[in-house]
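The structure appears below as structure tokens.
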Amino acid sequence: MDKFMVDLQGSLGILKNPDVLSYLLQGLLFTIGISVITIVLSLIIGAVLALVRNYCTSGPARILRSVASAYIELFRNTPLMLWMFICFVMCPAPAVSKAFAEMLGFTSTVAVKTLFKAIVAFTLFTSAIMAEIIRGGLNSVARGQFEAAYSQGFGTMQTMTLIVLPQAFRNIIPTLLSQMITTIKDSSYMASLVTVELMARTKLIISKANSYNGTWVDRFDRGTINVTDVFVLFGFAFLVYFAINFTLSCIVRRMRSRKRA
């Protein structure tokens, strides 16, 4: 028990190291940034896919509907990790300068390109999920709304942007927030490809924990990575993810209760 308490004290000391804490908090910022970028892009792409799948039902436009349907079903029914590796191997990445990479906190341009590929895969996958959520919102808008808009002289574009889409998004806000929670959690998949988000940085710190937990001796006897190091560092990541997602979950539950009332 005494050894366990000593190990635990050393492991907790890792989080007291300002460099380690700063490194992990930077990972949190990357996690939030990656999630926000993915959600915004997925909402835009998902809205287009949903509109095409729902309303391109006649004439040559049916080809677009078939393409949108194939895209949605392909990504919804295959795992995210698969697309991460496909994009890592096959997706082209834009050229970036060394200065731009350093501005983002990277030591090489390769890391920036890898991050770009991971975000592309994440967006492609999430947009298919968003498309079906938005399509459900579109289907919840009564057909009479279209007829009323047309009778008032609104065109198709005005009807969609001013009447139908606002109502559709209002109806699916709780579901969208739930998907945002999933997106934030799924960002941890990037740990397999890039070392920028919170989970990847946590794993990297664990691999070097003997430099911070008080067991380092010299260059030949590098110390021990204790079980408590794993619990403390992964516990820190757990608390961060939980705090963010639990807050969003409370917002979702509150919104749903208001909607039922």
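Things worth noting here:
- Just one residue in the set Val6, Val20 is surrounded by 20 or more Cβ atoms within 10 Å (Cβ to Cβ) and more than 15 Å from the chain's Cα centre (by Cα); that residue is Val20.
- Among residues of the stretch 38-62 being modelled with pLDDT of 90 or more and open to solvent by 70 Å² or more (accessible area, probe 1.4 Å), the one that is farthest from Leu115 (Cα to Cα) is Val48.
To keep it simple, each residue is scored yes or no on (1) within 28 Å of Ile72 (Cβ to Cβ); (2) open to solvent by less than 50 Å² (accessible area, probe 1.4 Å); (3) touching a Cys at 6+ places or on another chain (Cβ under 8 Å); (4) acidic (Asp, Glu).
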position: Thr109; (1), (2), (3), (4): no, yes, no, no
position: Ala121; (1), (2), (3), (4): yes, yes, yes, no
position: Met130; (1), (2), (3), (4): yes, yes, no, no
position: Gly137; (1), (2), (3), (4): yes, yes, no, no
position: Ala149; (1), (2), (3), (4): yes, yes, no, no
position: Thr156; (1), (2), (3), (4): yes, no, no, no
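- Scanning the stretch 23-42 for residues that are farther than 17 Å from Phe238 by Cα and free of Cβ contacts under 8 Å to residues at least 24 places away in the same chain yields Gly33, Val36, Val40.
- Criterion violated by Lys113 - all others in (1) modelled with pLDDT of 85 or more; (2) crowded, with 17+ Cβ neighbours inside 10 Å satisfied: (1)
- Among the residues of the stretch 238-261, the one identified as at pLDDT below 90, among the small types (Gly, Ala, Ser) and under 17 Å from the mean Cα position of the chain (by Cα) is Ser249.
- Meets criteria (closer than 27 Å to Arg53 by Cβ and open to solvent by 50 Å² or more (accessible area, probe 1.4 Å)) for Gln179: no
- Any hit, the stretch 73-83, residues being under 24 Å from the mean Cα position of the chain (by Cα), surrounded by fewer than 18 Cβ atoms within 10 Å (Cβ to Cβ), under 29 Å from Gln26 (Cα atoms) and acidic (Asp, Glu): no
- If you go through the stretch 81-110 and keep only what is under 20 Å from Ser35 (Cβ atoms) and modelled with pLDDT under 75, you end up with Leu104, Gly105, Phe106.
- Test: residue in the stretch 45-54 that is over 17 Å from Ala168 (Cβ atoms), assigned to a helix (DSSP H, G or I) and hydrophobic (A, V, I, L, M, F, W, C): no
The values are calculated or read from the model by the stated rules, or taken from the named source; none is laboratory data. All of these numbers come straight from a predicted model, not from anything done at the bench. Note that we place each Cβ from the backbone using ideal geometry, even for glycine, and neighbour counts take in every protein chain shown. These area figures cover heavy atoms from the full protein model, side chains too; ligands, DNA and RNA do not enter into them. Shrake-Rupley method; radii C 1.70, N 1.55, O 1.52, S 1.80 Å.
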